[in-house]
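J.: Pasting a structure below so you can have a look.
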Amino acid sequence: MLLGTGNPLPDPNRAGAATLIKAGARRFLVDAGRGVCMRLAAAGTLPVMLESVLLTHLHSDHICDLNDVITTHWIMSGQPTPLKVFGPAGTGQVVDGALAMLAPDLSYRLAHHADLTWSPEVAVTELTPGVLLDDGDVRVIAAATDHRPVEPTLAFRFEHAGRSIVVAGDTVPCDGLDELCVGADVHVQTVIRQDLVRLVPMQRFVDIIDYHSTVEQAAQTAARAGVATLVLTHQAPTPAPGAAEEWLALARQHFGGNVLFGEDLLEV
Ligand SMILES: [Zn+2]
Ligand SMILES: [Zn+2]
């Protein structure tokens, strides 16, 4: 389920980058952008119900509410329960920083609640490409993507009960992503419209073109890999109301499968 489909520009109707993966009763969160705990609640999922959090990269729009996930997971746990966070190199530094920022809050809550005797524990695993989980029920594979100068960055493939879904963060097309997507039922890809971005008279915005997949490139990735369904998310610039069909049509020029336009809380 797409929790947030927004880009870094604040939007009243789109939360920040975050996707919830459900595999039977197991739930995994990919990225933790703006408003993630609100959208998790709308999806019937509290942070304590997450098996783990996986981060595609450490750009602020993908992690800015990780601290809220950490705090809410901690305060709603009845016993010391580590929150598992997987991400690229640097994830430990981000989590340490978040915990440092939360230090005053932790001291207030520890002083106020007699039954709360432990601080939040976050078990960080910094990943290299490969299988990060395979227990016979769920398999999760990480692959390197290309969002330079942001390095390293990852995409994740989840497999469960014969179904597979790839969730990629921001990236241009690359071999790592192509291989990860092969034969997937669903590929969730963050996308931009280069034609529209170029119209914005601000170089800082036009800069985003060189490290994101366009709609057309995402469609080509999906076609090369033989994906069944492509989901466009994290769209930039923010699509005008009613523009979804235009974005979908661009993708369909390059991909004959099913294409979905991502809106917050879209379930696939
Ligand atoms: Zn982003
Ligand atoms: Zn990014």
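All of the numbers you see were taken from the coordinates with simple rules; none came from a lab. This structure is a prediction, so every number in the text was calculated from the model and none was measured. Cβ coordinates were reconstructed from backbone atoms using ideal geometry, including for glycine residues, and neighbour counts include every protein chain displayed.
J.: For A228, what charge total do you get from the other residues with a beta carbon under 11 Å from its beta carbon, if Lys and Arg give +1 and Asp and Glu give -1?
T.: Net charge in that neighbourhood comes out at 0.
J.: Using alpha-carbon pairs under 8 Å, 6+ residues apart, how would you state the relative contact order of the chain in percent?
T.: Details: 594 pairs, mean separation 44.7, N = 268.
The normalised contact order for the chain reaches 17 percent.
J.: With r as the distance between the Cβ atoms of A114 and E151 and R0 = 51 Å, compute the FRET efficiency 1/(1 + (r/R0)^6) and round to 0.05.
T.: On the way: r = 46 Å, r/R0 = 0.90.
Once the sixth-power term is evaluated, E becomes 0.65.
J.: Follow-up question, since we're still on this one. Please identify, among N67, N13, N258, the residue showing maximal mean-square fluctuation in a Gaussian network model of the chain using a 10 angstrom Cα cutoff.
T.: N13
J.: Equivalent ellipsoid semi-axes for segment 107-154, as square roots of 5 times the alpha carbon gyration tensor eigenvalues: give them largest first, rounded to whole Å. Display every interim value, and only then the final one.
T.: On the way: eigenvalues 251, 69, 9 Å².
Computed over segment 107-154, the values are 35, 19, 7 Å.
J.: In a Gaussian network model over the chain where Cα atoms closer than 10 Å are linked, find which of R14, R34, R26 has the largest mean-square fluctuation.
T.: R26
J.: Please give me the summed charge of the neighbours of G90: other residues whose Cβ is under 14 Å from its Cβ, Lys and Arg +1, Asp and Glu -1. Kindly include the intermediate steps, with their values, before the conclusion.
T.: Numbers: positive: none; negative: D96, E126, E151.
So the environment of G90 carries a net charge of -3.
J.: Something else about it: Could you tell me the distance between the Cα centroids of segment 202-268 and segment 31-87, to the nearest Å?
T.: First find each Cα centre; the distance between them is then 26 Å.
J.: Hey, another quick one. V140: net charge of surrounding residues, Cβ under 14 Å, Lys/Arg +1, Asp/Glu -1, itself excluded?
T.: Numbers: positive: K22, R26, R27, K84, R139, R157, R163; negative: E51, D134, D135, D137, E159.
Net charge around V140: +2.
J.: Once you place label points 7 Å from the Cα toward the Cβ at Q93 and E245, how far apart are they in nm?
T.: Inter-label distance under the simple model: 4.8 nm.
J.: For the chain, what does the alpha-carbon gyration tensor say about shape, rounded, prolate or oblate, given a ≥ b ≥ c as the root eigenvalues, a/c under 1.5 as rounded, and a/b over b/c as prolate?
T.: Working: a/c = 1.88, a/b = 1.52, b/c = 1.24.
Prolate.
J.: Are there trypsin sites (Lys or Arg not before Pro) in segment 187-268 that DSSP marks as loop and that have at most 15 other Cβ atoms within 10 Å, and which are they?
T.: Numbers: sites: R193, R198, R204, R224, R252; in loops: R193, R198.
Listed in order of number, the matching sites are R198.
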